[in-house]
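The values are calculated or read from the model by the stated rules, or taken from the named source; none is laboratory data. A quick note: this is a predicted structure, and the numbers were derived from the prediction, not measured. Glycine gets a Cβ as well: all are built from the backbone with ideal geometry, and neighbour counts include every protein chain shown. With ligands, DNA and RNA removed, areas are computed over all heavy atoms of the protein, side chains included. Shrake-Rupley method; radii C 1.70, N 1.55, O 1.52, S 1.80 Å.
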Amino acid sequence: MVVSRADRRRDRTNRAMAVFGEERASFALDLLELVELAWHDCYGETSPSEDLIDDMLLLSEGSIERLIQM
């Protein structure tokens, strides 16, 4: 089953809000979309696994700067 980028963003919204708060969640979601584009270019897959996304969110510790580093 194909899941659109908009669907993935919607599904990740609550997790992003839990880590970054309501004000910065949209920035984090934008960064995750950039990760998807790079992932596709490097690996030919639509998106990294949700486990990897969860790891990135966890390791960011709620910091946009740390999410960029991830």
Q.
For region 56-70, give me each residue that is part of a helix (DSSP H, G or I) and more than 10 Å from the chain's Cα centre (by Cα).
A. Leu58, Leu59, Ser60, Ile64, Glu65, Arg66, Ile68, Gln69
Q.
Let me spell it out: the conditions are (1) in contact (Cβ under 8 Å) with a residue 40 or more places away in the chain; (2) open to solvent by 60 Å² or more (accessible area, probe 1.4 Å), and Ile53 meets all of them except one. Which number is the exception?
A. (2)
**Q.** Selection within region 37-53 - among the hydroxyl-bearing types (Ser, Thr, Tyr) and either under 15 Å from Arg9 (Cβ atoms) or modelled with pLDDT under 95 (or both)
**A.** Thr46, Ser47
Q. Filtering region 3-45 down to residues that are part of a helix (DSSP H, G or I) and touching a Phe, Trp or Tyr at 6+ places or on another chain (Cβ under 8 Å), which residue is surrounded by the most Cβ atoms within 10 Å (Cβ to Cβ)?
A. Ala28
Q. Pro48 fails exactly one of the following numbered conditions: (1) over 11 Å from the mean Cα position of the chain (by Cα); (2) open to solvent by less than 70 Å² (accessible area, probe 1.4 Å). What is the number of that condition?
A. (1)
